[in-house]
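The values are calculated or read from the model by the stated rules, or taken from the named source; none is laboratory data. It should be emphasised that the depicted structure is a prediction, and the values quoted were computed from it without experimental measurement. All Cβ positions, glycine included, derive from the backbone under ideal geometry; neighbour counts span all protein chains shown. Protein only, heavy atoms only, side chains kept; ligands, DNA and RNA dropped before computing areas. Shrake-Rupley method; radii C 1.70, N 1.55, O 1.52, S 1.80 Å.
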Amino acid sequence: MIREERGSASLEFLTVGLLMLVPLIYVVVALGQIQHQALGAEAAARHVARAISLSTDAASARSSASDVLSAVMREYDLDASTTALSISCVPASGSCPTAGATVRVSVATRVSLPLSPPVLGLDQIATVPVEASAVQRVSRFWSGG
């Protein structure tokens, strides 16, 4: 017995295809934004640590760290209001950096998920935290400490 086909298979295929494709595209875009911000945080931590370790004294270390951080934030579109920089030294001492110390730089930021509406603060809730760290050894002949 042969049944007549009504031609609804193509409509079903398009409907199911769109229902599966839209979330897949959203996930790809969201992961792309998270990866972009993660690369920015990693670059900021690495370059700031290197700038501090190559500076000649504490004042130039602060200045070059600030300049490098702002340049990387511009390049990777990091939001200054959600980005935090932390600098510490091992061994811990009164001033950081010091000669022979290891400088640890951490950069933390939050990535807003795409299409998050600002209604009821959902754009603040729908974020993903991203953090990166880098370490550099300061020369023992550094003149700042």
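Can you give the FRET efficiency to the nearest 0.05 for Ser143 and Glu75, using r as the Cβ-Cβ distance and R₀ = 30 Å?
Step by step, r from the Cβ atoms, then E = 0.50.
Students often get this wrong: which residues of the range 91-109 have the backbone nitrogen under 17 Å from the point 7 angstrom along Cα-to-C-beta of Glu131?
Counting backbone N atoms under 17 Å from the label point, the list is 104-109.
Give the Rg (one decimal place) followed by the Dmax (whole number) of the range 5-126, computed from C-alpha coordinates and expressed in Å.
Final numbers for Rg and Dmax: 22.4, 82 Å.
When only alpha-carbon atoms count, how far does the range 66-135 stretch along each of its three principal axes, as whole angstroms with the largest first?
Between the extreme Cα coordinates on each principal axis of the range 66-135 lie 50, 22, 16 Å.
Could you work out the mean projected area of the convex hull around the alpha carbons of the range 5-51, in square nanometres to one decimal?
3.2 nm²
Where in the chain is the longest stretch that carries no GluC sites (Glu not before Pro) classed as loop by DSSP and with at most 10 other Cβ atoms within 10 Å? Don't skip to the end; give the middle numbers.
Working: sites that count: Glu4, Glu5.
For GluC sites (Glu not before Pro) (loop position, at most 10 other Cβ atoms within 10 Å), the longest site-free span of the chain is 6-145.
Suppose all protein chains stay in the model; what accessible area per residue would a 1.4 Å probe give for the chain, in Å²?
On the way: 9740 Å² over 145 residues.
It amounts to 67 Å² per residue over the chain.
Around Arg50, under 15 Å between beta carbons, what's the net of Lys plus Arg minus Asp minus Glu among the other residues?
Working: positive: Arg46, Arg62, Arg104, Arg137; negative: Glu42, Asp67.
Summing Lys and Arg as +1 and Asp and Glu as -1 gives +2.
Normalised by the residues of the range 88-145, what does the relative contact order come to in percent, with Cα pairs under 8 Å and at least six apart? Please report the intermediate quantities before stating the final value.
Numbers: 97 pairs, mean separation 25.1, N = 58.
Across the range 88-145, relative contact order equals 43 percent.
Once the Cα atoms of helix 9-54 and of the chain are each reduced to a long axis, what angle between those two axes, in degrees from 0 to 90 to the nearest 10, is obtained?
For 9-54 against the chain, the angle is about 0 degrees.
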